[in-house]
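> Sharing a structure, written as structure tokens. Questions coming.
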Amino acid sequence: MSTLLLRLAGPLQAWGTESKFNTRQTGTVPSKSGVIGLLAAALGLSRDADLSALRALRFGVRTDQAGQLLRDFQMVHYLNRKKENADVTERYYLADAVFLVGLEGESAFLETLEAALRSPVWPLYLGRRSCPPTLPLVLGIRELPLEDALRREPWQASAWARERWSRSRPGEPVRLPLLTDADGAGTGRASVRDLPLSFDQRNRRYAFRAAERQKPVELPAGGRAASLPTEHDAFAEVEE
């Protein structure tokens, strides 16, 4: 099996698996449903499209830079019996987070996904439309199983985060949390309701999947950090 690696980074991300009334939460790591939505947008799938091939991909995420939880207040205006009303909503985001996401599957299908992500049909975003990704988004396909690919890839944290680590913990190895679809090798198994059956707005449906915490990825002091650009162009990947 092969693994497609994505670097999910941006000023803001939001990976909600539940929302209650006027409060929109975010998880601390990308959800499988959110990443499948990103892939579906790149492929140009309709909201009622069959998602079984995307659901079948084995999913994993490594937290390279946890980021900070940010709470935002927004006013929502709506009509109720021809009278305008307004509510205050709370929306939570992750600021300055960086994640390494792996998708394990057959090489031919992963190549299709990689091509779509590099030239997407619709704009891509990190959980919400107000959260465009920074580049590079696509790191490429590795001829490795999911966990091996996530363990071998260089640290993707930003330069300032690497500098802060080296100053605060000189000489210490970098330990990065790793969460994957369950295979029985990890610990802390949990059921997560973020496996999309349908994105149809008339009948959105999600199923549970089993996820496991794997042994943290340990990199030598300095983390073999990747050299990444710092400029931000949200639509660079849709341009020729």
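> Pairs please, first residue from the range 101-125 and hydrophobic (A, V, I, L, M, F, W, C), second anywhere and assigned to a loop (DSSP other than H, G, I, E, B) and surrounded by fewer than 20 Cβ atoms within 10 Å (Cβ to Cβ), Cβ atoms under 6 Å, 6+ apart in sequence or on different chains.
So the pair list comes out as 121/44.
> Starting from residues that are more than 17 Å from the chain's Cα centre (by Cα) and in a loop (DSSP other than H, G, I, E, B), keep the ones in the range 30-55 and report whichever is nearest to residue 193 (Cα to Cα).
Here the answer is 51.
> Considering only residues of the range 122-157 that are of a type in the set (Gly, Ala, Ser) and surrounded by 19 or more Cβ atoms within 10 Å (Cβ to Cβ), which is nearest to the chain's Cα centre (by Cα)?
The initial filter retains those residues of the range 122-157 that are of a type in the set (Gly, Ala, Ser), namely 127, 130, 140, 149, 157.
After this cut, where a residue has to be surrounded by 19 or more Cβ atoms within 10 Å (Cβ to Cβ) as well, the list is 127, 149, 157.
Working: 127: 8, 149: 16, 157: 14 Å.
Per the stated criteria, the residue is 127.
> Can you go through 175, 162 and tell me which one is more than 26 Å from residue 56 (Cα to Cα), part of a strand (DSSP E or B) and either in contact with a helix residue (DSSP H, G or I) (Cβ under 9 Å, 6 or more places away or on another chain) or not hydrophobic (A, V, I, L, M, F, W, C) (or both)?
Numbers: 162 fails: part of a strand (DSSP E or B).
It is 175.
> Out of the residues in the range 1-32 that are touching a Phe, Trp or Tyr at 6+ places or on another chain (Cβ under 6 Å) and of a type outside the set (A, V, I, L, M), which is nearest to residue 88 (Cα to Cα)? Lay out the reasoning, then the answer.
Within the range 1-32, the first condition is being touching a Phe, Trp or Tyr at 6+ places or on another chain (Cβ under 6 Å), and the residues that meet it are 8, 12, 14, 25-27, 30-32.
Now restrict to residues that are of a type outside the set (A, V, I, L, M): 25-27, 30-32.
Numbers: 25: 15, 26: 18, 27: 21, 30: 26, 31: 26, 32: 29 Å.
So the residue we want is 25.
> Right, next: How many residues does the range 163-191 contain that are crowded, with 18+ Cβ neighbours inside 10 Å and in contact with a Phe, Trp or Tyr (Cβ under 8 Å, 6 or more places away or on another chain)?
Residues that pass the stated criteria total 4.
Any read-out appearing in this document is the output of simple, stated calculations on the displayed coordinates, not a laboratory observation. Since this is a predicted model, take the numbers as computed values, not measurements. A quick note on method: Cβ atoms are made from the backbone with ideal geometry, for glycine too, and the neighbour counts reach across all protein chains shown.
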